[in-house]
Amino acid sequence: VIELEVGMRIPADGVVLQSADLTCNESALTGETEDRAKNGEDPFLLSGCTVSTGTCRMLVVAVGRHSRWGRIKEKLTYEQEDTPLQEKLDNLAQLIGYVGMGAAAATFAAMMFVWFVYPESRDEGLGLWKYMLRAFIMAVTIVVVAVPEGLPLAVTLSLAFSTQKMMKDKNLIRVLAACETMGNATNICSDKTGTLTKNLMTVVEGHFGDVRLRQDAFANPDVPGMPPAAKRLVVENACINRQAYLVHKDKDGRIKERPDIVGNATEGALILMAAKWGENYEDVVRSAFSEARGDRTFSFNSKKKRSTAVVHGAGAGGAGSVRVYCKGAPEWVLRDCTRYLAPTGEEKPLDAPKMAELEGHIQSMADMALRTLCLAHRDFASADELPADWRDAPPDSEGLCVDAIVGIIDPLREDVTDAVASAQSAGVFVRMVTGD
């Protein structure tokens, strides 16, 4: 039995015995980026996957080659095949062998022909058997000489020089035999995540406090035009209402060039957005969140498509008020909203025209391949107004106020566009292979 927590990699196949808000990232096996909820309908955990949210106790049922990952790796193993150059060299060596054997046989036959047809040319000191032995040795000599001893060395030297030349073109060859294959490539099949993209989900566009900010505004760390009231609400929602966290140092204690996101990548994108604005998520949690006074976070609920946090003393009513932070799928969260945040920080009624406007913005971001997320809140004047069962069922399904709708994407690496253009100009077709 193994206990698993957020961010841990599952070491073996198993069945969930006990869990709390458990979701797993199975993209390593399936390529699907969406986290899967693990419950009575799907209690199976697969090795190589990562726990995104929640905790659990797992009963191990398969390890190593008997696990799902092991069976896939076993099917991927295959015997090394000869390269086209090796096949050509084998055919050449076979042809040389046949020609040499033919020449040796012809030489032996010619020498025996001379012995029998022209007796006057015989060497008187040699008998028939000695002459036949001389003819046989001559034939064997021809066969031996016909084998090109320097051919393998010449091919190796040629490939070595070709490798150095391709290295100058930024083409790394680790195996000499692959030199000819790389030189004759007509198609490149590339993974998307981490190869064409940075593998770092980033907020690049959004609708904050009824102000739409496009990608050029997000390129500036100060984000000009951002309403201060919306910014504060979004920062607190992103930093408190989360399960993900950042790792800034490697195992040797060195600062990483960019932090690793442990947990949900979408939550990580919101944390990085707050950090870009100069807000440290740990400082925000320490100053605004306290479990001792009853504050609580609720992991992502797959049925309601949202995660929630309840914070005492954060509402508009002051110390005794309670604020509920909520974030999730826009199509689910928006239908539970009755108000929206104006640029001045005032909450206004969410009527049909405004709803249509927000839905239009969501659709435009989706058309640009952005993953959309809605952030909202709800205030209670005091803790007495909270439902009696709020600790089990948070009050996040009605009366919400829309604070922001963000568009998130895994951005391309800076050199990808030029690299793909160079490959296409050289006649090489680039194909993207991705689980999406």
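The values are calculated or read from the model by the stated rules, or taken from the named source; none is laboratory data. Owing to the predicted nature of the structure, the values given are computational and were not obtained by experimental measurement. Methodologically, a virtual Cβ is constructed for each residue, glycine included, from the backbone with ideal geometry; neighbour enumeration extends over all protein chains shown. Just so you know, the surface numbers come from the protein's heavy atoms only, side chains and all, with ligands and any DNA or RNA stripped out. Shrake-Rupley method; radii C 1.70, N 1.55, O 1.52, S 1.80 Å.
Here are some notes:
- Members of the stretch 380-432 that are closer than 20 Å to Leu200 by Cβ and either in contact with a strand residue (DSSP E or B) (Cβ under 6 Å, 6 or more places away or on another chain) or among the hydrophobic types (A, V, I, L, M, F, W, C) (or both): Val406, Gly407, Ile408, Ile409, Asp410, Pro411, Leu412, Val416, Ala419, Val420, Met432
- Search result, residues across the stretch 12-56 that are among the aliphatic types (A, V, I, L, M), in contact with a Ser or Thr (Cβ under 6 Å, 6 or more places away or on another chain) and open to solvent by 40 Å² or more (accessible area, probe 1.4 Å): Ala20
- Residues within the stretch 344-382 that are among the acidic types (Asp, Glu) and touching a residue at least 12 places away in the same chain (Cβ under 8 Å), tallied: 3
- Some residue of the stretch 306-313 being in contact (Cβ under 8 Å) with a residue 60 or more places away in the chain and of a type in the set (S, T, N, Q): yes
- Close pairs (9 angstrom Cβ cut-off, 6 or more residues apart or separate chains): under 15 Å from Val114 (Cβ atoms) and without any contact (Cβ under 8 Å) to a residue 40 or more places away in the chain in the stretch 125-141, β-branched (Val, Ile, Thr) and surrounded by 14 or more Cβ atoms within 10 Å (Cβ to Cβ) anywhere: Ala135/Thr107; Met138/Thr107; Ala139/Thr107
- Consider the stretch 101-132 and keep the residues that are touching a helix residue (DSSP H, G or I) at 6+ places or on another chain (Cβ under 7 Å) and either under 26 Å from Ala177 (Cβ atoms) or among the hydroxyl-bearing types (Ser, Thr, Tyr) (or both). The one that is most open to solvent (accessible area, probe 1.4 Å) is Ser121.
- Condition check for Ser190: surrounded by fewer than 20 Cβ atoms within 10 Å (Cβ to Cβ) and in a helix (DSSP H, G or I): no
- Flag: Val155 does not match the condition of being open to solvent by 60 Å² or more (accessible area, probe 1.4 Å), more than 25 Å from Ala419 (Cβ to Cβ), touching a helix residue (DSSP H, G or I) at 6+ places or on another chain (Cβ under 9 Å) and at pLDDT 80 or above.
- Test: residue in the stretch 170-187 that is within 30 Å of Ala28 (Cβ to Cβ), of a type outside the set (Lys, Arg), open to solvent by 50 Å² or more (accessible area, probe 1.4 Å) and in contact with a strand residue (DSSP E or B) (Cβ under 6 Å, 6 or more places away or on another chain): yes
- Strands (runs of 3 or more DSSP E) contained in the stretch 306-416 and holding at least 1 residues open to solvent by 10 Å² or more (accessible area, probe 1.4 Å), touching a Pro at 6+ places or on another chain (Cβ under 8 Å) and among the aliphatic types (A, V, I, L, M): 371-380
- Considering only residues in the stretch 75-111 that are modelled with pLDDT of 80 or more and among the polar types (S, T, N, Q), the one that is nearest to Val140 (Cα to Cα) turns out to be Thr107.
- Qualifying residue in the stretch 49-61 (condition: within 30 Å of Leu153 (Cβ to Cβ), without any contact (Cβ under 8 Å) to a residue 60 or more places away in the chain and either in a strand (DSSP E or B) or of a type in the set (Phe, Trp, Tyr) (or both)): no
- The listed residue being hydrophobic (A, V, I, L, M, F, W, C), under 32 Å from the mean Cα position of the chain (by Cα) and closer than 23 Å to Glu359 by Cβ, out of Ala404, Ala421: Ala404
- The combined condition, being in contact (Cβ under 8 Å) with a residue 12 or more places away in the chain, open to solvent by 70 Å² or more (accessible area, probe 1.4 Å), within 24 Å of Asn184 (Cβ to Cβ) and part of a helix (DSSP H, G or I), is fulfilled by Gln86.
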